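The values are calculated or read from the model by the stated rules, or taken from the named source; none is laboratory data. Just so it is clear, the model here is predicted, and its values are computed rather than measured. So basically every Cβ, Gly included, is an ideal-geometry build from the backbone, and we count neighbours across all protein chains shown. Side chains are part of the model used for accessible areas, which takes the heavy atoms of the whole protein and leaves out ligands, DNA and RNA. Shrake-Rupley method; radii C 1.70, N 1.55, O 1.52, S 1.80 Å.
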Amino acid sequence: MSDDQHITAPLRLFNSLTRAIEPFAPIEDSHARIYSCGPTVYNYAHLGNLRAYVFTDTLRRTLLWKGLSVTHIINITDVGHLTSDADAGDDKMEAAARASAQSIWDIAAHYTQAFKQNIADLNILSPSEWTVATDYVPQMIEFAQKIAPTHCYELDTGLYFDVSTVPNYGGLAGNEEFKSAFRTKSAGGNISDINAAADHAADRAAAAARIDPVAGKRNSQDFAIWRKSPPSEQRQMEWDSPWGKGAPGWHLECSVMSQARLGHPFDIHTGGIDHREIHHPNEIAQNQAYCGCTDAEPGFTGARWWMHNNFLVDRSGKMSKSKGGFTTLFSLIDAGVHPLAYRLLCLGAHYRSELEFSADGVAAALTRLKRLVMGVEGLKARAEGVTWQSPRLDYLRANLHPKLVPLLEQFDAAIADDLMTPRALPLLEEAIAIKKIPVDEKLCLIAAFDAALGLNLVTLGRADLRLQPKDAAITPDAIEAELERRAAARADKDFALSDEIRDALIAQGVDVMDGDPLRWDWRLTLAQGS
């Protein structure tokens, strides 16, 4: 590639604050800071939860592709998140501890480890730092003390944030009537008009319909900063505070931890689209209160960009733990599906689009992954003894074969266009298939593409994709023995016995692949909604 050829597609990302795709430039030169809302560790993450981290990992890898360094924080919520995403119900962690008769600390440790295993299985880069909510309770109390005199009021149940005290509350969620009502209040309007507007906006937003009917709240969307322990109850997790013994509200955690680890403002805050309606507007309100921002400073929200991935849906609606049954990555693995097939399924849809989960969709993604792995394996076999370079873009710019330059430029343009992975994936497949190119150059380009996509194609082998289903009635050794018996039958021209062995293996969930060096593979059978 000549010196005047560069990967120049400007990075453009959708900002939920403006509902527009905007050119991205970090606050600090060549360094991006990202905060991602992490899991509440009271149960296993379902596949819909994990889509958020595939999206964030794709964002991080794209920033790295563009030559930026990245500091990425993911929090672990082990206290404060109630059974409603608003302010209703019990603390999820306390409820889980009672239901299982276990220590809340043991529950948090178990599900934290399970989540980190999911992250590793999906080839998601570990964050620069995991922040754990209970490690930051003193900072949360200090934060609340600073904002309480001007923005909060105390009830018997806790300390509540008055959302009418900050400019443009609900702007992130798109609650135009709510924002208009607050503008009316700032001009001398009536609080009853504001509550009416808030109620009407809540009727139009599914998430906002889950508002805690706490007696004494000034506004229906006011939320808890600190929840007092009931006098007759001792929580497993509770701390002393100026407002009594209790625990922090869920929304407070992220404001405090993002500020502590990244400073305010930082570049990008990510989460699922459900956070856009309640959790993130409440974070923004707290951030505005803490910095003392006014209408003259409407741009300060803690982060410059707020980015949200859409839902994973099954045929009965949004995937949710509250429905009583949900599909986890562990259950996919138990069914014989390699976890990177789920990553590929996610990459096949744009992160801002709903993605339907189905057995057929997962099976198709696994088949596509196998084809990619087989293609790269074939190239690596041809490159035996050849040392091909690491996928640094400076190396690509200087050495890439002219026929590969358009693929590089198109790939860069795709991921720079708000992470358009559905457009990038076919370019990876085209790079594998293109003819009459030195194999080391092809592998170098493929490795560079995969660094952005995270499918681990350079090290993954096709045999790695052969996962034994948990309920398999036959072992790999027994399969090999049966295939040897079948080979002997075929050598003796006993085709009836050969067919009988093959059919028996199929009945036990094994596909026999004549003429294939791998010889056999598990037959994928997934029950919808498993």
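Some observations on this one:
- Residue match in the stretch 369-389 (condition: of a type in the set (S, T, N, Q) and modelled with pLDDT under 95): yes
- Every residue from the stretch 422-461 that is closer than 24 Å to residue 349 by Cα, open to solvent by 30 Å² or more (accessible area, probe 1.4 Å) and not in a loop (DSSP other than H, G, I, E, B): 422, 423, 426, 429, 430, 433, 451
- Residue within the stretch 517-527 that is closer than 23 Å to residue 362 by Cα and assigned to a helix (DSSP H, G or I) present: no
This table checks each residue for (1) touching a residue at least 12 places away in the same chain (Cβ under 8 Å); (2) open to solvent by less than 60 Å² (accessible area, probe 1.4 Å); (3) part of a strand (DSSP E or B); (4) out of contact with any strand residue (DSSP E or B) (no Cβ under 8 Å at 6 or more places or on another chain).
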| site | (1), (2), (3), (4) |
| --- | --- |
| 346 | yes, yes, no, no |
| 352 | yes, no, no, no |
| 362 | yes, yes, no, yes |
| 413 | yes, yes, no, yes |
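- Every pair of residues 6+ apart whose Cβ atoms lie under 7 Å, when the first sits in the stretch 21-36 and is closer than 13 Å to residue 127 by Cα while the second is outside any strand (DSSP E or B) and basic (Lys, Arg): 34/60
- Within the stretch 468-503, tally of residues that are assigned to a loop (DSSP other than H, G, I, E, B) and open to solvent by 40 Å² or more (accessible area, probe 1.4 Å): 8
- Residues in the stretch 250-261 that are over 14 Å from residue 145 (Cβ atoms) and buried (at least 24 other Cβ atoms within 10 Å of the Cβ): 250, 251, 253, 254, 257, 258.
- Pairs with Cβ under 7 Å, 6+ apart, first in the stretch 226-241 and without any contact (Cβ under 8 Å) to a residue 12 or more places away in the chain, second open to solvent by 90 Å² or more (accessible area, probe 1.4 Å) and assigned to a loop (DSSP other than H, G, I, E, B): 238/245
- Considering 104, 124, 73, the condition of being in contact with a Lys or Arg (Cβ under 6 Å, 6 or more places away or on another chain) and crowded, with 18+ Cβ neighbours inside 10 Å is satisfied by 73 alone.
- Check on residue 523, in contact with a strand residue (DSSP E or B) (Cβ under 8 Å, 6 or more places away or on another chain), open to solvent by 50 Å² or more (accessible area, probe 1.4 Å), farther than 30 Å from residue 401 by Cα and not polar (S, T, N, Q): yes
- Scanning the stretch 8-64 for residues that are touching a Lys or Arg at 6+ places or on another chain (Cβ under 9 Å), among the acidic types (Asp, Glu) and not in a strand (DSSP E or B) gives a single hit, 57.
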